[in-house]
C-alpha cells in the first residue's frame, strides 16, 4: 500500500515536471560526413525557372484514313515536301467498291422515280388545260350553231329538234365547264405543293449520290495543305482501318517551343513572360534567342505542367522539330535578399523548418523558418535566418520528427 502511494507521488511529480520543463527533445545522431551544410548569404535573388524545351511545329495537320483498305501505292515518304492536293497514298477496297455501286444503283432508281412523277404532274397539268380549252371551244361553237339554228327554225327551214339537240349539247358543256375548272384548280394546288418537295428530295438524292461516289475518292489520300510530311509509317500491301492515322503535315508557318515546368510555378507563369533559350548542339557554336510565353496549359501531370513559347520574330533558321533547347524563364524581378542553396531538405520540409548548426558545429537545432521565392539554385529567406547562419540542406529522410541532430565526427 505504501509502495503504491510512493509510486503515485513520483508519477504526479514527473507529470508536473513535464508540464513545466517540457517533453524531452528527440535527438538523432548522424555522421557529419553524411550531411551537407550551407551558409546563409546576402546577395541578389534572380527569379527564374530553368527550362528544357523542345522545338515543335507551330501548326500541324494530321492525315487519317477516311476509308479503310489495302495500301496499293505510296507516293511520298516522311521528310518530303508536298503540295496541296498532292496524292500521297492509294488504297484499294473491293468490298467498298461493290457497296458504292449498289448504293448508286438504288439512288439512281429513286431519282428516276421522282423525275417520272414530276413529269407525270406536268403532263396532267397540260391535259387539264387542254380539256378546259376544248370545253371552251365547244361552248363557243355550239352558241354560234344555236344562233343559226334559231334563225332557220324561225323560217321553218329546219325542224325544232335540231335546235333542241344543239341546245342540249351546249347545256352539257356549260355544266361541265365549272366542274373541269374546279378539278384543274385543285390539281394545280396539289402540283404546286408537291413540286418543291420533289425537287428538294431530288437535290438530296443527288447530294447522296455525290457523297456515295466520294467514298471511292477517299481511297486516294491527298495532302490537304502544302508543307513537310513527317511521321509517315506505311508499307505496301498492309491493311489499314478507317480512322487510322497515316501521317502528319507541318505547313511552313514556323515553329514554337514547348516545355514542362514544375507545378510549384503554376500560379506564377503567365502569358507574355520572357525567356532566354539557347542551342549548343550546332555547328556554328552556341546560339541564343528571346522568346515569350504564348500559352499555359493548367493540367498537371506527373508534377509538371506545359507551356508554349513563341519566338519574337520569324522562326530562326536551322532549328529542327524535336531539337532540345535550354534556358531560363523570368518570373519576377531581381532583388536583394538573404539566400540559401536549394537543397534536398525542401522536399521533406516544404520550406517550413530547417536544422540550424550550433556555434560549435557539433549539433543542429530544428527551427521554424519562412522562405519566399525559389529557383533551381537558390531560395529566398524571409524570416528566422540571418546572414552567416549555417544550416543542413541535405536530405531530411528519417529526420522529420527530430528536434535536434547530433553530428558525430
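No lab work stands behind these numbers, since they all come straight from the coordinates. Treat the numbers as computed from the prediction; the structure is a model and nothing was measured. Neighbour counts are summed over all protein chains in view; Cβ atoms, including those assigned to glycine, are modelled from backbone coordinates with ideal geometry.
For residue 408 and residue 287, what does the FRET efficiency come to when R0 = 60 Å and r is the distance between their Cβ atoms, rounded to the nearest 0.05?
In this case the efficiency is close to 0.70.
So if each residue of separation counts as 0.36 nm, and I subtract the Cα-Cα distance between residue 86 and residue 269, what length gain in nm does that give?
Using 0.36 nm per residue and subtracting the Cα-Cα distance, I get 61.7 nm.
Round to the nearest 0.05 the FRET efficiency obtained for residue 153 and residue 175 when R0 = 30 Å and r is the Cβ-Cβ distance.
The calculated FRET efficiency here is 0.80.
Using packing as a proxy for protection, rank 142-148, 271-277 so that the peptide with the highest average count of other Cβ atoms within 10 Å comes first.
Listed from highest to lowest mean packing, they are 271-277, 142-148.
If each residue of separation counts as 0.36 nm, what is the full-extension length gain between residue 302 and residue 188 once their alpha-carbon separation is subtracted?
Gain on stretching residue 302 to residue 188: 33.7 nm.
What is the mean projected area of the alpha carbon convex hull for region 95-217, to one decimal in square nanometres?
Average of the hull's projected areas for region 95-217 equals 10.0 nm².
Could you identify which residue out of 229, 219, 202 has the top mean-square fluctuation in a GNM of the chain using Cα springs shorter than 10 Å?
202
Taking the Cβ-Cβ separation of residue 61 and residue 333 as r and a Förster radius of 60 Å, what is the calculated FRET efficiency to the nearest 0.05?
Step by step, r from the Cβ atoms, then E = 0.90.
Springs between alpha-carbon atoms under 10 Å, Gaussian network over the chain: tell me which of 36, 328, 130 tops the mean-square fluctuations.
130
Just to confirm the number: angle between the C-alpha axis of helix 94-154 and the first principal axis of the chain, 0 to 90 degrees, nearest 10?
So the inclination is approximately 30 degrees.
Can you give the Rg and Dmax of the chain based on its C-alpha atoms, in angstrom?
For the chain, the Cα radius of gyration and maximum Cα-Cα distance read 47.7, 171 Å.
For region 236-366, what size does the Cα cloud have along each of its three principal axes, sorted from largest down, in whole Å?
77, 39, 30
Within region 165-196, which residues have the backbone N less than 12 Å from the label spot 7 Å out from residue 125 along Cα→beta-carbon, could you tell me?
Under 12 Å, as judged by backbone N against the label point of residue 125, lie 187-196 of region 165-196.
Using Cα springs under 10 Å in a Gaussian network model of the chain, which residue among 311, 355, 48 shows the largest mean-square fluctuation?
355
By how many degrees, between 0 and 90 and to the nearest 10, does the Cα long axis of helix 160-217 differ from the longest principal axis of the chain?
Helix 160-217 and the main axis of the chain meet at about 30 degrees.
Tell me the mean residue ellipticity at 222 nm calculated for the chain from its helices only (DSSP H runs of n ≥ 4, each -39500 (n - 2.57), averaged over every residue, nearest 500).
Only helices count here, giving -13000 deg cm²/dmol.
Between residue 276 and residue 258, what is 0.36 nm times their sequence separation minus the Cα-Cα distance? Round to one decimal in nm.
5.1 nm
Given the alpha-carbon gyration tensor of region 212-283, what are the semi-axes of its equivalent ellipsoid in whole angstrom, ordered largest first, with each equal to the square root of 5 times an eigenvalue?
Computed over region 212-283, the values are 39, 17, 14 Å.
Order the peptides 62-71, 160-169 from the highest to the lowest mean number of other Cβ atoms within 10 Å of their residues.
Top of the packing list down: 62-71, 160-169.
Just the ratio, please: alpha-carbon radius of gyration of region 163-321 over 2.2 N^0.38 Å, N its number of residues.
The value comes to 2.40.
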